[in-house]
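The values are calculated or read from the model by the stated rules, or taken from the named source; none is laboratory data. The structure presented is a predicted model; accordingly, all values stated were derived computationally and were not measured. Cβ placement follows ideal geometry from the backbone for every residue including glycine, while neighbour counts extend to all protein chains displayed. Accessible surface is based on the protein model in full, side chains and every heavy atom, while ligands, DNA and RNA are left aside. Shrake-Rupley method; radii C 1.70, N 1.55, O 1.52, S 1.80 Å.
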There are 2 protein chains.
Amino acid sequence: MSNGGGVASSTTHLLDFLEEPIPGVGTYDDFHTIDWVREKCKDRERHRKINSKKKESSWEFSKSVYDAWSGWLVVTLTGLASGALAGLIDIAADWLNDLKEGVCLSAMWFNHEQCCWTSNETTFAERDKCPQWKSWAELILGQAEGPGSYIMNYFMYIYWALSFAFLAVLLVKVFAPYACGSGIPEIKTILSGFIIRGYLGKWTLLIKTITLVLAVASGLSLGKEGPLVHVACCCGNIFSYLFPKYSKNEAKKREVLSAASAAGVSVAFGAPIGGVLFSLEEVSYYFPLKTLWRSFFAALVAAFVLRSINPFGNSRLLLPFILLGSTRFGKYPVLEVILVTAITAVVAFPNPYTRQNTSMLIKELFTDCGPLESSQLCQYRSQMNGSKAFNETPNRPSAPGVYAAMWQLCLALIFKVVITIFTFGLKVPSGLFIPSMAIGAIAGRIVGIAMEQLAYYHHDWFIFKEWCEVGADCITPGLYAMVGAAACLGGVTRMTVSLVVIVFELTGGLEYIVPLMAAVMTSKWVGDAFGRAGIYESHIRLNGYPFLDAKEEFTHTTLAREVMRPRRSDPPLAVLTQDDLSVEELQAVISETSYNGFPVIVSKESQRLVGFALRRDITIAIENARRKQEGIVLASRVYFTQHAPTLPADSPRPLKLRSILDMSPFTVTDHTPMEIVVDIFRKLGLRQCLVTHNGRLLGIITKKDILRHMAQMANQDPDTIMFN
Amino acid sequence: MSNGGGVASSTTHLLDFLEEPIPGVGTYDDFHTIDWVREKCKDRERHRKINSKKKESSWEFSKSVYDAWSGWLVVTLTGLASGALAGLIDIAADWLNDLKEGVCLSAMWFNHEQCCWTSNETTFAERDKCPQWKSWAELILGQAEGPGSYIMNYFMYIYWALSFAFLAVLLVKVFAPYACGSGIPEIKTILSGFIIRGYLGKWTLLIKTITLVLAVASGLSLGKEGPLVHVACCCGNIFSYLFPKYSKNEAKKREVLSAASAAGVSVAFGAPIGGVLFSLEEVSYYFPLKTLWRSFFAALVAAFVLRSINPFGNSRLLLPFILLGSTRFGKYPVLEVILVTAITAVVAFPNPYTRQNTSMLIKELFTDCGPLESSQLCQYRSQMNGSKAFNETPNRPSAPGVYAAMWQLCLALIFKVVITIFTFGLKVPSGLFIPSMAIGAIAGRIVGIAMEQLAYYHHDWFIFKEWCEVGADCITPGLYAMVGAAACLGGVTRMTVSLVVIVFELTGGLEYIVPLMAAVMTSKWVGDAFGRAGIYESHIRLNGYPFLDAKEEFTHTTLAREVMRPRRSDPPLAVLTQDDLSVEELQAVISETSYNGFPVIVSKESQRLVGFALRRDITIAIENARRKQEGIVLASRVYFTQHAPTLPADSPRPLKLRSILDMSPFTVTDHTPMEIVVDIFRKLGLRQCLVTHNGRLLGIITKKDILRHMAQMANQDPDTIMFN
């Protein structure tokens, strides 16, 4: 196209395939869906080029080696960065969280634990108290005890919580609106092939990291797990720009993002295998097996780095609490956040189970009572007076401590459940793994303690007689908490295998897997009875993203001809003929319609399909030709064939557009059941598919048509699918 | 077709879709490949029928509930059966294995451990010796010590080993030839859509179970892991016959088999998560996410049952040793087995590390030396005299015990590696997990002990100074053994994530994951440098199964028109026209060609494609019509259209074949790159695909054409692909 003369000579045009590509052809607009098949072809083409050149020189050879290793390099970098950032977030959030209660005089940058750890004057038993660490009441009022200091501490707690929350929501609002929420719904959509520019950019990464620390420290009932997946995916995206193999190919970039999401879950929970399964089960759309191995690697590197940075992290579950709620204050995000934070802080402070760091709470609830356990939950009577009841009957009678703990747990449960209604929709980074797990764990522990007491007072009941051997602990409340946590999280996210594996990796007991599975399965079935979509799918639907769920089955009997456009009442399909349009006519077709692409046919009479050309590519190619090629005017004939058509002698130079023509468009017949069409779209990642009848072109089906049709069949409003 | 009159009336023919199906249409011949798309459509059709009827009566409703639950039911049954069979095999193999050394006088059916366990006269230290248990020498010669009794025991050991091996190979040869080998290559092929009748049948199950016990007890160096996967898949296949949903649909049946293979690995290793990942990574071809959850369930049920049956199984790794060798005695399978068994028994008996049960050996090699360890491998000098060397330097000096052990280990390694060359090809059930792991573990332990000694004698070397703190154990030979085992198994099977997870579940230490990964990755890379195919893929290729590997990438630039048939020199494509063939002409086309199906076109002139009809279906339909429909003669016109063509008044009754016509055949254009075609075949599980150019039919590509083309591009003989 670039240098060939005006006359169509077959020899120059045979070289078309080798000509330099038109810049911009083959890229995508924001909020559009990528074509997986084309992207994969592009990558194989690139790979072949590098491979064929590699024997030419040692420079080309080292380039090919670099190319082959870049996949491992980028996942290693992503794993390192995710682990490092997660460690940083942990440490910073810890410090800020303790700042709500007081400050370390000897070194401002120490948190409570570190401050007293370096002190020589503390014993192990009183490791929480040391002269260097001053609560705000001590610092301002000069007294550590009494109602005045309690109120002062309460006030400062609320003051700091509000400051952190305000700063977080302000940063998100001003600098990076994409940094709010958990990010998992959007990441699922992006991985399915949608383009959202800037969602995984450096600004989002920076602001999300900072505001996650603030949001976590503010004491809101939110988890950092979802946001950490988003942070890891940002790292993956940013590092992929170092390698043209990944930055220039949207399909390959998504392979890196799959691995990055695994790394994110890995650092969030310290569960590398669970992270890989999460990536596989929950977020990834196309999961080639090659990615499985790389994801595993990224997950391990990330977990390893996190452990090296933060070896004394108080547990793998390290996250204060925030509330997942879904208010309709949407228009006033700052006010909304401040309000929810204030309520959270005011209500949470007096109750030890809500004031506490949520992951610590979960850990305490999971732990069974042993002789060394000092928790209030374990103040059983038998431990205090050593009566023979302990030896003779299973389990233990309760004591006032346990009763008080039960009451507080019940209040904490109600508080958490109520404030859970105010979701997730706050404009700060927020995950819901930890809050869901906490709710489930509290409920589970309450049931567990109740069962234990029942077994103690009624150990002759049939059900207990059968199971409880004399003298053995037949009820373990910690296990109930664990099962409750898994069930609750399973109900919210509808995760299955990955959830069980994550909890297994957290707790380390293979023997708990069976009760865990039963709980997760039950909660999934109960949840499915109310509606099949998990929280992420619901979120995707709410936002109108074009996400074709791989898990949902299409079960209707419609045929392709009922879904394709044009419908019966519509104007005929906008098509291009292969060699008798002028540039002007082509531009007219483009400006009159808003379709993203046009089928090219042999002639209007035969309707035999030749190929498919994208609107964006046609526009770019015409602009490019008019700028660079002489003699291309509005009257120039446009042709998609191999050879130029025979034209009158005085006609202007024709424009060859074969290089932008997709000569292998996907076609189905009009009789194809829609279930097959949906399957093809899902498995091959198509954007559109042409419909033929006995070899003639009839219409077109796009991904959006399918989503609309599915919404229609499910009696939903098809206009909720917004993008294309 | 059945009741409609001879005259083509449009009203009766509109009902065609509702007519009863012709029996036999839509089934497959042995050694043919299934059409996944068609199978899935059939299943959705069935599902819709049940769903639409379920409100009619409570009977129909309970049928629909039964149908919905049958998936869970069948995987539960499979898990239960696999677990029970694995437990049975463990116990029986244990007993037979001990029978080689002696017999329990008090109860014949007790193995050595159980025999002495019930005895009151033994102390813990001498728990292997008790009066009830008599070695053969004691029983026959009446003396327990001395060279005579050693030779007697040696002789009886060989005698029993040969008897077991002889019986095993005889049973396999006479009753179930499919029961030999590991079965994993065939299961991979079956899961990819190939039909091998009887491979998963009840006879294979029975004979494989019995012969596996015998083969294991005979002392051959084989593992029971692969065969257990085969046994589990047989259970899955047999139980699927209880449910028409699964028995009548080849694609659905493969979902059950995927779950069954996970259950098999789960019981083989006691690693349910590893089993699921193995099924996902190694054996499954189409792995819908629904299957992931069911596989996990089956794996857990199986592991649970196994543990209940055999709680005292000496370890999860429970398998004597056999030799994986690949001799060319193929024509004399019985002789071959006897010979290899004899050599194994003769050489193995004198060396404690080869006489021992292989899984016990692996366990011993994995275990680090602690103060209570009585193994010969741990007879370090410092433990005997308690010198201060132990406190001052890392690790321990060696003692004669360790030197002797090292020598025996080296001999065992050579023996195992040499006899490994005689593979896997023996006509008895044989797996290679355990032998590979044992070889790797021996090599790893040898290296580990050598490193330990090096660190002891040269603890001032740079490398040791850096890593070994004074007084700390810086070299753990057990870890070396573990890493060696994983590396060796990884090299043989090219498993990655699932292998690491299996070893992790076996050993339970998250901290070992990083060295394990590094080892597995290295061995995979080294192995890949010699050839990308693992042992299972090589086996599949050797047998010529039509297996389109999902992991291997197709990287050539060929186009569909270069691969399609007919080639340039070939006769034109055999096609059927939609309405102008007679029954006689149709039968002629079928008898003159051997193709499995024929495209149906509008007319020879236009070459516009209408659909695709399978040879088998046409034959069945014609036979059925001539038997059941009056007036169908050789001169009858055959038509695939909606309405009968207008015929002269005296012509015989026409035969409508629209119901067997696939009206949505897959098509690609001749310009489609083969990489896309291969992708479509893999992801959608096609059998064939038609090739068009500008809407005209040009040719056809079958799965076999693709496999041949791939073999050709890889410079292999394309005739190695045998079936279709």
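Summary table below
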read-out: Hits in region B:676-703 - residues which are buried (at least 19 other Cβ atoms within 10 Å of the Cβ) and among the charged types (D, E, K, R); value: B:D679, B:R682, B:R687, B:K703
read-out: Residue ID - nearest to the other protein chains (Cβ to nearest Cβ), chosen from residues in region A:523-540 that are among the charged types (D, E, K, R) and surrounded by 18 or more Cβ atoms within 10 Å (Cβ to Cβ); value: A:K524
read-out: Leading residue by the ranking (nearest to B:E553 (Cα to Cα)) among those in region B:697-722 that are within 14 Å of chain A (Cβ to nearest Cβ) and modelled with pLDDT of 90 or more; value: B:I701
read-out: Which listed residue, of A:L280, A:L300, A:L306, is in contact with a helix residue (DSSP H, G or I) (Cβ under 6 Å, 6 or more places away or on another chain), over 17 Å from A:K224 (Cα atoms), open to solvent by 10 Å² or more (accessible area, probe 1.4 Å) and in contact (Cβ under 8 Å) with a residue 60 or more places away in the chain; value: A:L300
read-out: Some residue of region B:73-94 being without any contact (Cβ under 8 Å) to a residue 60 or more places away in the chain and farther than 23 Å from B:K202 by Cβ; value: no
read-out: Residues satisfying the stated conditions in region A:263-294, i.e. facing another protein chain (nearest Cβ under 9 Å) and within 15 Å of the chain's Cα centre (by Cα); value: A:V276, A:L277, A:L280, A:E281
read-out: Exclusive hit being more than 12 Å from chain B (Cβ to nearest Cβ), in contact with a Lys or Arg (Cβ under 8 Å, 6 or more places away or on another chain) and either open to solvent by 20 Å² or more (accessible area, probe 1.4 Å) or more than 22 Å from A:T496 (Cβ to Cβ) (or both), set A:E255, A:E250; value: A:E255
read-out: Qualifying residues in region B:137-162 (those that are touching a residue at least 12 places away in the same chain (Cβ under 8 Å) and open to solvent by less than 40 Å² (accessible area, probe 1.4 Å)) - the one farthest from B:V428 (Cα to Cα); value: B:S149
read-out: Residues of region B:425-448 that turn out to be part of a helix (DSSP H, G or I), farther than 16 Å from B:A217 by Cα and not charged (D, E, K, R), as a count; value: 13
read-out: Residue list for region A:660-672, filter: open to solvent by less than 30 Å² (accessible area, probe 1.4 Å) and under 25 Å from B:I601 (Cβ atoms); value: A:M663, A:S664, A:P665, A:T667, A:V668, A:T669, A:D670, A:T672
read-out: Strands (runs of 3 or more DSSP E) wholly inside region A:609-691 containing at least 1 residues that are within 14 Å of chain B (Cβ to nearest Cβ), in contact (Cβ under 8 Å) with a residue 12 or more places away in the chain and under 40 Å from the mean Cα position of the chain (by Cα); value: A:609-614, A:667-669
read-out: Residue among A:Y545, A:Y536 that is among the aromatic types (F, W, Y), at pLDDT below 85 and part of a helix (DSSP H, G or I); value: A:Y536
read-out: Looking only at region B:23-61, and only at residues there that are of a type in the set (F, W, Y) and more than 13 Å from chain A (Cβ to nearest Cβ), the one that is farthest from the chain's Cα centre (by Cα); value: B:W59
read-out: Filter pass, A:A92 being in contact with a Cys (Cβ under 8 Å, 6 or more places away or on another chain), away from chain B (no Cβ under 14 Å), surrounded by 15 or more Cβ atoms within 10 Å (Cβ to Cβ) and modelled with pLDDT of 85 or more; value: no
read-out: Count - residues of region A:552-576 that are away from every other protein chain (no Cβ under 11 Å), assigned to a loop (DSSP other than H, G, I, E, B) and surrounded by 12 or more Cβ atoms within 10 Å (Cβ to Cβ); value: 6
read-out: Subset tally (residues that are aromatic (F, W, Y) and surrounded by fewer than 13 Cβ atoms within 10 Å (Cβ to Cβ)) for region A:580-601; value: 0
read-out: Residue count for region A:577-608, restricted to those that are more than 14 Å from chain B (Cβ to nearest Cβ) and either over 28 Å from A:M710 (Cα atoms) or among the charged types (D, E, K, R) (or both); value: 13
read-out: Helices (runs of 4 or more DSSP H) completely within region A:449-516 that count 1 or more residues being at pLDDT 80 or above and within 14 Å of another protein chain (Cβ to nearest Cβ); value: A:477-493, A:497-507
read-out: Selection status of A:K604, in contact with a strand residue (DSSP E or B) (Cβ under 8 Å, 6 or more places away or on another chain) and either of a type outside the set (A, V, I, L, M, F, W, C) or open to solvent by 20 Å² or more (accessible area, probe 1.4 Å) (or both); value: yes
read-out: Residue list for region B:58-72, filter: without any contact (Cβ under 8 Å) to a residue 60 or more places away in the chain and either touching a Leu at 6+ places or on another chain (Cβ under 8 Å) or open to solvent by 20 Å² or more (accessible area, probe 1.4 Å) (or both); value: B:S58, B:W59, B:E60, B:F61, B:S62, B:K63, B:V65, B:Y66, B:A68, B:W69
